[in-house]
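Trainee: Dropping a structure here in structure tokens format, bear with me for questions.
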Amino acid sequence: MASVETMTASSPASATSASIPPLTSLDPRAPVGIFDSGLGGLSVLRAVRSQLPDEALIYVADSLYAPYGERDDDFIADRTLAIGEWLVAQGAKALVVACNTATAQSIALVREKLPIQLIGVEPGVKPAALQSKSRVAGVLATRVTLRSARFQGLLERYASDCRFLCQPGHGLVEAVERCDIGSPELRALIESYLQPMLDAGADTLVLGCTHYPFLDAAIRDIAGDRLTLIDTSVAIARQLERVLDQQGLRSPARDAVPQPRFCSTSDGAHLKQLAATLLDIDAPVERVHIPSRRTITPDSHAA
């Protein structure tokens, strides 16, 4: 796996609610929350479990409202904050925003509102620029991520001598959400995105969405060894480890690796299937209703 990069967590703002405990009251055995718009964050959960096997984890998939890549910025911020607050109420000691789109559009706001440490993720533009020998690199990401000021700032900082070909991955998140990681239709879609990059001389591909590592095999079947893939999940896990150590919140050793707690705002069937298929975790999925300002009227499909 190529080298990777992640956002670092800043100091949390003061609590905005008397019901939210200060950092000093957190228990190292408390869980870490991992949040994504859907199933892509499972790639981050996989890396966190490998790096920090003693940590208890709560994974929330906002699948009822996925994909975020086609949502407006206010909706994304609204949902990210609501789910962050819900995880704090569940006792989470830290929050991993395992979604490039949510990080790009809302992590600054959420940091102001929550009293726990946040770790976000950003596309690996810097490592791609460092590794590309042809000085041409492709980026697959959602439309919202590509248009965000955070992403544009990455290009300005790291792409001065490297040409980045940015491609919105329309349809890829939806494919992973329905557990399609290799159908002929999906492979044709991926090839339509990759071939222009290959024709332009790209030798590196940034996977700018946490859903995309689950398409690794399909991408490699199409591109072979012509593209080095940049995936940020390992760096996120390492950054979480550093943050927990700095705060004295790393879990002590346990007798057995804790089973993650899986939650979904949808029925959870695809979450259960993907966790079993790709992570070899056979666990129940709780259906949860997490209201927010933009979804104040309970959806007919919500629990």
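Trainee: Any idea which of (1) assigned to a helix (DSSP H, G or I); (2) touching a residue at least 24 places away in the same chain (Cβ under 8 Å) is the one Ala108 doesn't satisfy?
Mentor: (2)
Trainee: Going through region 164-186 one residue at a time, which ones are assigned to a helix (DSSP H, G or I) and surrounded by fewer than 17 Cβ atoms within 10 Å (Cβ to Cβ)?
Mentor: Of everything in region 164-186, those that are assigned to a helix (DSSP H, G or I) and surrounded by fewer than 17 Cβ atoms within 10 Å (Cβ to Cβ) turn out to be Pro184, Glu185.
Trainee: Okay, moving on. Considering (1) in contact with a Phe, Trp or Tyr (Cβ under 9 Å, 6 or more places away or on another chain); (2) in contact (Cβ under 8 Å) with a residue 24 or more places away in the chain; (3) of a type in the set (Val, Ile, Thr), say which one Val285 fails and leave the rest.
Mentor: Result: Val285 passes all but (2).
Trainee: Anything in region 45-102 that is of a type in the set (Asp, Glu), surrounded by fewer than 24 Cβ atoms within 10 Å (Cβ to Cβ) and over 14 Å from Leu240 (Cβ atoms)? List them, or say none.
Mentor: Glu70, Asp72, Asp73, Asp74, Asp78, Glu85
Trainee: Taking region 133-163, which residues are of a type outside the set (S, T, N, Q), in contact (Cβ under 8 Å) with a residue 40 or more places away in the chain and not in a helix (DSSP H, G or I)?
Mentor: Matches in region 133-163: Lys133, Val136, Ala137, Gly138, Val139, Leu140, Ala141.
Trainee: Could you look through region 64-90, keep only residues that are touching a residue at least 12 places away in the same chain (Cβ under 8 Å) and in a loop (DSSP other than H, G, I, E, B), and pick out the one that is nearest to Ser25 (Cα to Cα)?
Mentor: Filtering region 64-90 for residues that are touching a residue at least 12 places away in the same chain (Cβ under 8 Å) and in a loop (DSSP other than H, G, I, E, B), the one nearest to Ser25 (Cα to Cα) comes out as Gln90.
Trainee: Across region 115-129, which residue is farthest from Val234 (Cα to Cα) among those that are over 17 Å from the mean Cα position of the chain (by Cα) and surrounded by 24 or more Cβ atoms within 10 Å (Cβ to Cβ)?
Mentor: Filtering first and then ranking leaves Ile116.
Yes or no, residue by residue, for (1) free of Cβ contacts under 8 Å to residues at least 12 places away in the same chain; (2) surrounded by fewer than 20 Cβ atoms within 10 Å (Cβ to Cβ); (3) hydrophobic (A, V, I, L, M, F, W, C); (4) at negative phi:
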position	(1), (2), (3), (4)
Val206	no, no, yes, yes
His211	no, no, no, yes
Asp245	yes, yes, no, yes
Asp267	no, yes, no, yes
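Read-outs throughout are calculated quantities, based only on the coordinates presented, and are distinct from any laboratory measurement. Please read these numbers as outputs of a predicted model, since none were measured by experiment. Using ideal geometry, Cβ is built from the backbone for each residue, glycine included, and neighbour counts are taken over all protein chains shown.
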